[in-house]
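The values are calculated or read from the model by the stated rules, or taken from the named source; none is laboratory data. As the structure is a prediction and not an experimental result, all values here were calculated from the model. In this analysis, Cβ positions are derived from the backbone assuming ideal geometry, glycine residues included, and neighbour counts consider all displayed protein chains.
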Amino acid sequence: MRHALLAAALLLAAGPALAAEDPVAPYAQSDANAGAAPFPGEAMYKALHEKAGIARITAELIGRLKTDPRTADIFRAADFERLNRTLNEEFCYVAGGPCHYTGMDMKAAHKHMGLQEMHFNALVEDLEAAMTKEGVPWRDQAKFLSKFAPMKPDVVDASLP
């Protein structure tokens, strides 16, 4: 379950960045596009070590996604600058930080990407590893990941095995 939540979040934010060869169509920017309501208060934001910690988590995650054999092909043509920006925004916003999400909504971002459950799970595992490296307690990791699980149907192509 934790893996599914995390993978959903990553794939959701990554969608626009993964379609680097095609220009991004105009879309309404809204925090609602992040796919999850933010945590109330600042506890989760602080647990992730605020903006600096979220930036380190995001950088570590992207590095892992580039080299993880389960995800490397998906991210090969990614616009990593955009991916870094949108993941930082999404993670900060959902954590309850002072950020706004400017990416597409999850369904539009991942349409026609052909993402399978294995990709989702790999992303979750890589995000967990990045948060562990940052020193985020497991309990807070689980809470953070739980915000992203409901996004899975918008990210994973149910028609694929």
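Which pairs have Cβ atoms under 8 Å, sit 6 or more apart or on different chains, and link a residue in the range 131-147 that is within 17 Å of LEU65 (Cα to Cα) to one that is loosely packed, with under 15 Cβ neighbours inside 10 Å and of a type outside the set (Gly, Ala, Ser)?
Within 8 Å, the pairs are THR132/TRP138.
Residues are listed down the side, and each one gets a yes or a no for (1) at pLDDT 95 or above; (2) under 18 Å from LYS152 (Cα atoms):
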| site | (1), (2) |
| --- | --- |
| ALA20 | no, no |
| PRO23 | no, no |
| ILE57 | yes, no |
| ASP105 | no, yes |
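Checking the condition crowded, with 23+ Cβ neighbours inside 10 Å and aliphatic (A, V, I, L, M), which residue from ALA122, ALA78, ALA108 passes?
Of ALA122, ALA78, ALA108, the one residue that is crowded, with 23+ Cβ neighbours inside 10 Å and aliphatic (A, V, I, L, M) is ALA122.
Results for (1) over 23 Å from TYR27 (Cα atoms); (2) free of Cβ contacts under 8 Å to residues at least 60 places away in the same chain; (3) basic (Lys, Arg); (4) not in a helix (DSSP H, G or I), shown as yes or no for each residue.
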{"site": "ALA55", "(1), (2), (3), (4)": "yes, yes, no, no"}
{"site": "ARG64", "(1), (2), (3), (4)": "yes, no, yes, no"}
{"site": "ARG70", "(1), (2), (3), (4)": "yes, yes, yes, yes"}
{"site": "CYS92", "(1), (2), (3), (4)": "no, yes, no, no"}
{"site": "GLY97", "(1), (2), (3), (4)": "yes, yes, no, yes"}
{"site": "MET104", "(1), (2), (3), (4)": "no, no, no, yes"}
{"site": "GLU125", "(1), (2), (3), (4)": "yes, no, no, no"}
{"site": "ASP154", "(1), (2), (3), (4)": "no, no, no, no"}
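So THR71 clears everything in (1) among the hydroxyl-bearing types (Ser, Thr, Tyr); (2) surrounded by fewer than 17 Cβ atoms within 10 Å (Cβ to Cβ); (3) farther than 24 Å from ALA37 by Cα except one condition, right? Which one?
With respect to (1) among the hydroxyl-bearing types (Ser, Thr, Tyr); (2) surrounded by fewer than 17 Cβ atoms within 10 Å (Cβ to Cβ); (3) farther than 24 Å from ALA37 by Cα, THR71 is out only on (2).
Kindly provide the set of residues from the range 46-79 that are more than 15 Å from the chain's Cα centre (by Cα) and either of a type in the set (S, T, N, Q) or farther than 13 Å from GLU134 by Cα (or both), ordered by number.
Selection gives THR67, ASP68, PRO69, ARG70, ALA72, ASP73, ARG76, ALA77.
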